[in-house]
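J.: Here it is, the structure, as structure tokens.
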Ligand SMILES: [Zn+2]
């Protein structure tokens, strides 16, 4: 499971819905795996305002990842404008093209770090624990089990 | 042939051999991918989005969601999260190394995401299962209500969902769409090839919008 998904998942129990501590779920005994994927600048820009940044920082800390800045990057922080003098052949290959034909937008280091954290860092094994009810959701082969026994629905 | 949802709950029906049969039949794959493309056209996403796939099965729709705009997926590639009640279907998706995240979850228990998570949601041939109550402590109405309430909350304002499903009859069609409306959705039912054995029903849902033509 990607850390992106963990930034949106809540406890599935109905009684936890109203409790703020049912988000985020806390990874325990987590085994992480990096699964590389193509950086998508437009997607990062889209998702950025929806992230819960301080919760993301907290989860990163719990997982022992390098600490994140206190405030989230801005959309502008995600792009490096290539200088016009620079020949395009030495710039980073990128599939993301800016609309309007102003040439390619180059993802900044901030964008690359965010992509690595949200979309490539995955929880392969372990469990996710609700901070409110303590329910543990097992993660196996990257798949979290959210099936609840009938009496907890 | 009896309808699978009339015989067994999906987690029992889609055991390993059924999952494989389901995903290797090229005829079914073709129908599934046609319906996914139709649903995506109805979603009309214009840029890479976060999409929920309800009843993602072995990831047939997910593979399309992961394709780029120039490969035929409008606004793609999208990032998706899929959930399914069948562990063996998800096992097939894992083997294929699909790009989306997979959750073992029952849509009839709700949608465990915080408010405003997804840009859109898609569901292909899944939500008719919600009309089956698998235990004495649960009812189709309860399952439909938990699902649509959860889905409504998990979509961002202005978001859309398209659920293709196989209603058993008109009554079931009405039961499903009225459950969606009660959850707050603007809802429209769209039928392709009506009155034929290839009839396909799409429930088109909008959040914070009016009813759609359908
Ligand atoms: Zn909980």
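J.: Whether any residue in region B:145-158 is in a loop (DSSP other than H, G, I, E, B), within 14 Å of chain A (Cβ to nearest Cβ) and in contact with a helix residue (DSSP H, G or I) (Cβ under 7 Å, 6 or more places away or on another chain) is what I want to check. Spell out how you get there, then give the answer.
T.: Of the residues in region B:145-158, the ones in a loop (DSSP other than H, G, I, E, B) are none.
Looking through region B:145-158, none of the residues is in a loop (DSSP other than H, G, I, E, B), within 14 Å of chain A (Cβ to nearest Cβ) and in contact with a helix residue (DSSP H, G or I) (Cβ under 7 Å, 6 or more places away or on another chain).
Listed here are the residues, each with its yes/no results for (1) free of Cβ contacts under 8 Å to residues at least 24 places away in the same chain; (2) farther than 22 Å from residue A:19 by Cβ; (3) more than 9 Å from every other protein chain (Cβ to nearest Cβ).
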residue	(1), (2), (3)
B:91	no, yes, no
B:110	no, no, no
B:121	no, yes, yes
B:143	no, yes, yes
B:160	no, yes, yes
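J.: While we're here: Out of curiosity, is residue B:173 surrounded by fewer than 23 Cβ atoms within 10 Å (Cβ to Cβ), out of contact with any helix residue (DSSP H, G or I) (no Cβ under 9 Å at 6 or more places or on another chain), more than 14 Å from chain A (Cβ to nearest Cβ) and assigned to a loop (DSSP other than H, G, I, E, B)?
T.: Details: surrounded by fewer than 23 Cβ atoms within 10 Å (Cβ to Cβ): yes; out of contact with any helix residue (DSSP H, G or I) (no Cβ under 9 Å at 6 or more places or on another chain): yes; more than 14 Å from chain A (Cβ to nearest Cβ): yes; assigned to a loop (DSSP other than H, G, I, E, B): no.
Criteria not met by residue B:173.
J.: I'd like to check something: does region A:117-132 contain any residue that is at positive phi, more than 16 Å from the ligand (Cβ to nearest atom) and assigned to a strand (DSSP E or B)?
T.: Of all residues in region A:117-132, those at positive phi come to A:126.
Still in the list and also more than 16 Å from the ligand (Cβ to nearest atom): A:126.
Applying the additional criterion that residues be assigned to a strand (DSSP E or B) yields A:126.
Yes, region A:117-132 contains at least one residue that is at positive phi, more than 16 Å from the ligand (Cβ to nearest atom) and assigned to a strand (DSSP E or B).
J.: Moving on to the next point. Give A:6, A:44, A:51 a once-over and let me know the one that is at pLDDT 95 or above, within 11 Å of chain B (Cβ to nearest Cβ) and within 16 Å of the ligand (Cβ to nearest atom). Let's see the steps before the verdict.
T.: Numbers: A:44 fails: within 16 Å of the ligand (Cβ to nearest atom); A:51 fails: within 16 Å of the ligand (Cβ to nearest atom).
Checking each option against the conditions leaves just A:6.
J.: Please enumerate the residues belonging to region A:11-23 that are near the ligand (Cβ under 8 Å from one of its atoms) and touching a strand residue (DSSP E or B) at 6+ places or on another chain (Cβ under 9 Å).
T.: A:11, A:12
J.: Okay, next question. Restricted to region A:60-99, and to residues that are within 14 Å of chain B (Cβ to nearest Cβ) and surrounded by 11 or more Cβ atoms within 10 Å (Cβ to Cβ), which residue is modelled with the highest pLDDT? Step through it out loud before you land on a result.
T.: So the first thing to find is which residues in region A:60-99 are within 14 Å of chain B (Cβ to nearest Cβ), and the list is A:75, A:78, A:94-99.
Still in the running and surrounded by 11 or more Cβ atoms within 10 Å (Cβ to Cβ): A:75, A:78, A:94-98.
Working: A:75: 94, A:78: 97, A:94: 52, A:95: 50, A:96: 50, A:97: 47, A:98: 45.
Only one residue tops the list, namely A:78.
J.: Evaluate region A:25-32: report whether one residue or more is within 16 Å of the ligand (Cβ to nearest atom), away from chain B (no Cβ under 13 Å), at pLDDT 95 or above and closer than 23 Å to residue B:52 by Cα. Lay out the reasoning, then the answer.
T.: Residues of region A:25-32 within 16 Å of the ligand (Cβ to nearest atom): A:25-28.
Checking which are away from chain B (no Cβ under 13 Å) leaves us with A:26-28.
Subset that is at pLDDT 95 or above: A:26-28.
Checking the rest, the ones that are also closer than 23 Å to residue B:52 by Cα come to A:26-27.
Within region A:25-32 (the criterion being within 16 Å of the ligand (Cβ to nearest atom), away from chain B (no Cβ under 13 Å), at pLDDT 95 or above and closer than 23 Å to residue B:52 by Cα), the answer is yes, since at least one residue qualifies.
J.: If you check residue B:62 against the conditions, is it on the phi > 0 side of the Ramachandran plot and either within 18 Å of the chain's Cα centre (by Cα) or touching a residue at least 12 places away in the same chain (Cβ under 8 Å) (or both)?
T.: Working: on the phi > 0 side of the Ramachandran plot: no; either within 18 Å of the chain's Cα centre (by Cα) or touching a residue at least 12 places away in the same chain (Cβ under 8 Å) (or both): yes.
Considered against the rule, which asks whether it is on the phi > 0 side of the Ramachandran plot and either within 18 Å of the chain's Cα centre (by Cα) or touching a residue at least 12 places away in the same chain (Cβ under 8 Å) (or both), residue B:62 comes out as no.
J.: Given the conditions (1) within 13 Å of another protein chain (Cβ to nearest Cβ); (2) farther than 18 Å from residue B:159 by Cβ; (3) touching a helix residue (DSSP H, G or I) at 6+ places or on another chain (Cβ under 8 Å), which single one is not true for residue B:71?
T.: Going through (1) within 13 Å of another protein chain (Cβ to nearest Cβ); (2) farther than 18 Å from residue B:159 by Cβ; (3) touching a helix residue (DSSP H, G or I) at 6+ places or on another chain (Cβ under 8 Å) one by one, residue B:71 breaks only (3).
The values are calculated or read from the model by the stated rules, or taken from the named source; none is laboratory data. All values reported here derive from a predicted model rather than from experimental measurement. All Cβ positions, glycine included, derive from the backbone under ideal geometry; neighbour counts span all protein chains shown.
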